[in-house]
Amino acid sequence: MSTPILFLVTRPVLSSPPAEDAGFVQARADAPQLNVMDLGVTRGDGFFETISVANGHPQALEPHLARFSHSASLMDMPEPNRTVWRQAVLAAIAAHERESGSSPELFAKIIMTRGVEGTGMATGWVYADEVEDFGAARRDGIRVVRLDRGYRHDVAQTSPWLLQGAKTLSYAVNRAAVREAARRGADDVIFVSSDGYALEGPTSNVIARFGNRIVTPQTDQGILAGTTQASVFEFFKERGFETAYERVAADLLDEADALWLVSSVRQAAPLRSLDGREFPVNAALAGQLNAFLLARVK
Ligand code: PLP
């Protein structure tokens with residue numbers, strides 16, 4: 001079994017007081033470290049990023065750190081000290097490689113919370129661990145259902161306090177959606193706005209191919225701007241496809257030539273069915289796309 005590597009981030013924000021350490025210290029991942037009054041636990045009041053690590057390289061680290069800061073700003077939290085977080089991620093990866101003696105596919109998770117109630121001081125930590133085997137999802141595809149998210153596509157503009165588009169720790173809803181998918185005989189979900197637009201998965205972005213065009217739902221609809229989606233666009237552009245961010249009516253997905261859910265860690269999972277309707281999986285293309293994603297060195 002793999003042993004996660006944990007670093008507690010002692011200087012998580014730019015305004016943290018200076019200290020002797022590098023801004024992070026290694027701690028035991030199998031021992032309790034968090035205060036039970038931490039608002040990240042008691043209210044899910046915090047945000048996170050999950051970064052893929054392949055061949056020892058964190059992928060899209062800078063876009064992840066930028067999105068981490070964006071989440072902080074959407075949640076009225078202080079600006080993370082990106083230099084410290086970057087170094088903590090690299091240190092966690094290096095420590096994992098040292099301890100495991102190899103360079104397996106990893107993920108590094110960075111988490112910052114509003115801190116222990118009453119202290120006004122953010123809490124932060126980073127851990128790195130091995131990725132489970134996503135070979136089947138990447139190669140054979142996944143079964144997906146569309147589920148109503150219950151918000152209009154313009155929720156981020158009309159109701160920013162709902163924090164749609166921030167990567168908050170409050171993922172209980174996202175997990176519940178995946179359980180609903182399982183009840184419907186599927187593996188994953190595409191959320192649909194209450195006014196009928198395709199949005200994103202609970203932990204992924206949607207990519208659709210219509211002939212020579214590769215489309216993803218535009219990111220002003222209360223969804224995350226995906227780091228993997230950006231790389232997937234690069235892959236298709238290099239192969240002569242046109243790429244576009246658009247509003248995609250949920251029903252239009254039925255007419256796509258191919259669909260994928262893309263995210264850090266699992267990378268690109270082609271859809272083999274949507275609401276029970278079969279989609280052909282192009283295994284060769286899925287292999288090339290995942291090889292391209294895993295070969296990223298930044
Ligand atoms: N949308 C949501 C809600 C997510 O949680 C994630 C990733 O976890 C994504 C999209 C995909 O983002 P990325 O490709 O940067 O991992």
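Checking the stated criteria, E246 turns out not to satisfy the condition of being charged (D, E, K, R), farther than 25 Å from L74 by Cβ and open to solvent by 50 Å² or more (accessible area, probe 1.4 Å). The residue list S231, S263 contains one member that is in contact with a Gly (Cβ under 8 Å, 6 or more places away or on another chain) and at pLDDT 95 or above, which is S263. Among the residues of region 135-150, those that are closer than 28 Å to G44 by Cα and in contact with a strand residue (DSSP E or B) (Cβ under 7 Å, 6 or more places away or on another chain) comprise V144, V145, R146, L147, D148, R149. Mind listing just one residue for me: the one in region 40-77 that is in contact with a Pro (Cβ under 8 Å, 6 or more places away or on another chain) and farther than 21 Å from E105 by Cβ and, of those, farthest from the ligand (Cβ to nearest atom)? That would be A72. State which residue pairs qualify: first residue over 14 Å from F47 (Cβ atoms) and inside region 110-134, second residue open to solvent by 30 Å² or more (accessible area, probe 1.4 Å) and among the basic types (K, R) in any location, beta carbons under 7 Å apart, and separation of 6 or more residues or different chains. Going by the 7 Å Cβ cut-off, the qualifying pairs are Y127/K109; F134/R266.
Considering the conditions (1) more than 21 Å from A249 (Cβ to Cβ); (2) within 16 Å of the ligand (Cβ to nearest atom); (3) modelled with pLDDT of 95 or more; (4) hydroxyl-bearing (S, T, Y), S170 is excluded by exactly one of them, (3). Here D129 meets each of (1) in a strand (DSSP E or B); (2) within 27 Å of Q87 (Cβ to Cβ); (3) open to solvent by 40 Å² or more (accessible area, probe 1.4 Å) with one exception, condition (3). Checking the stated criteria, G120 turns out not to satisfy the condition of being more than 30 Å from L289 (Cα to Cα) and surrounded by 14 or more Cβ atoms within 10 Å (Cβ to Cβ).
For region 221-273: of the residues being β-branched (V, I, T) and within 18 Å of the chain's Cα centre (by Cα), which is farthest from L106 (Cα to Cα)? The selected residue is I223.
Filtered by the rule that a residue be open to solvent by 40 Å² or more (accessible area, probe 1.4 Å), of a type outside the set (A, V, I, L, M), at pLDDT 95 or above and over 19 Å from the mean Cα position of the chain (by Cα), region 81-107 gives T83, Q87.
One line per residue, one yes/no per condition, for (1) touching a Phe, Trp or Tyr at 6+ places or on another chain (Cβ under 6 Å); (2) open to solvent by 20 Å² or more (accessible area, probe 1.4 Å):
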{"residue": "R43", "(1), (2)": "no, yes"}
{"residue": "T50", "(1), (2)": "yes, yes"}
{"residue": "Q59", "(1), (2)": "no, no"}
{"residue": "E62", "(1), (2)": "no, yes"}
{"residue": "H70", "(1), (2)": "no, yes"}
{"residue": "E79", "(1), (2)": "no, yes"}
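Hey, among the residues in region 140-167 that are within 13 Å of the ligand (Cβ to nearest atom) and of a type in the set (K, R), which one's nearest to F68 (Cα to Cα)? It comes out as K167. In region 55-68, the residues that are closer than 13 Å to S231 by Cβ form Cβ pairs under 6 Å with partners that are modelled with pLDDT under 95 and within 12 Å of the ligand (Cβ to nearest atom), at six or more places apart or across chains, as follows: Q59/R296. When restricted to residues that are more than 27 Å from M112 (Cβ to Cβ) and either at pLDDT below 95 or open to solvent by less than 20 Å² (accessible area, probe 1.4 Å) (or both), region 148-167 contains 0.
The values are calculated or read from the model by the stated rules, or taken from the named source; none is laboratory data. All values reported here derive from a predicted model rather than from experimental measurement. Positions of Cβ are backbone-derived with ideal geometry, glycine not excepted, and every protein chain shown enters the neighbour counts. Just so you know, the surface numbers come from the protein's heavy atoms only, side chains and all, with ligands and any DNA or RNA stripped out. Shrake-Rupley method; radii C 1.70, N 1.55, O 1.52, S 1.80 Å.
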